[in-house]
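Read the structure below first, then the notes.
The values are calculated or read from the model by the stated rules, or taken from the named source; none is laboratory data. Quantities reported herein were computed from a predicted structural model and do not represent experimental measurements. No Cβ is skipped: glycine too gets one built from the backbone with ideal geometry, and neighbour counts run over all protein chains shown. Quick note on the areas: whole protein, heavy atoms, side chains included, nothing else; ligands and nucleic acids left out. Shrake-Rupley method; radii C 1.70, N 1.55, O 1.52, S 1.80 Å.
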Amino acid sequence: VQLQASGGGTVQVGGSLRLSCAALGKTFTANIMYWYRQAPGKQRELVASILNNGAATYPESMKDRFTISRDSAKNTVYLQMNNLKPEDTATYYCKFWARGVDYWGQGTQVTVSS
């Protein structure tokens with residue numbers, strides 16, 4: 001499975017971005033897709049996850065401004081980010097899990113400027 005992430009960029013405080021990540025290759029019906037992020041000098045943290053049936057979960061700190069969704073027919077996951085803050089600046093990674101194996105994308109940079 002290969003993951004292709006896109007949609008990152010530089011946005012001003014309060015702006016929005018929508019990230020996309022497509023899973024290519026042999027995928028499986030039962031899978032979970034995730035978004036993580038990693039800021040410089042910090043550990044990678046979970047932003048959101050979504051099952052192939054569309055059920056999404058978020059850490060408490062991510063619930064208000066981030067929305068994960070997916071198009072299962074296209075094996076693509078999205079992350080809608082609203083009201084962005086400087087602390088959201090990070091490299092955002094998608095992850096695809098299936099049959100006990102994690103597959104990671106290359107990351108896409110999001111920079112929020114004040």
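Which of Gly100, Gly25, Gly15 ends up with the largest GNM mean-square fluctuation for the chain, with Cα atoms connected below 10 Å?
Greatest mean-square fluctuation among the candidates belongs to Gly100.
Roughly speaking, to the nearest percent, how much of the chain's 1.4 Å accessible area is carbon and sulfur?
Here it works out to 46 percent.
How many angstrom lie between the Cα centre of the range 11-30 and the Cα centre of the range 61-114?
So the separation of the two Cα centres works out to 6 Å.
Out of the chymotrypsin sites (Phe, Trp or Tyr not before Pro) in the range 6-99, which ones are loop residues according to DSSP with at most 15 other C-beta atoms within 10 Å?
Phe28
Starting from the Cα of Ala73, step 7 Å along the direction of its Cβ; do the same at Gln106; then give the gap between the two resulting points in nm.
Those two pseudo-labels are separated by 2.9 nm.
With every protein chain present, what is the per residue accessible area of the range 1-79 (1.4 Å probe, Å²)? Numbers along the way, then the final one.
Numbers: 4360 Å² over 79 residues.
Using a 1.4 Å probe on heavy atoms only, each residue of the range 1-79 averages 55 Å².
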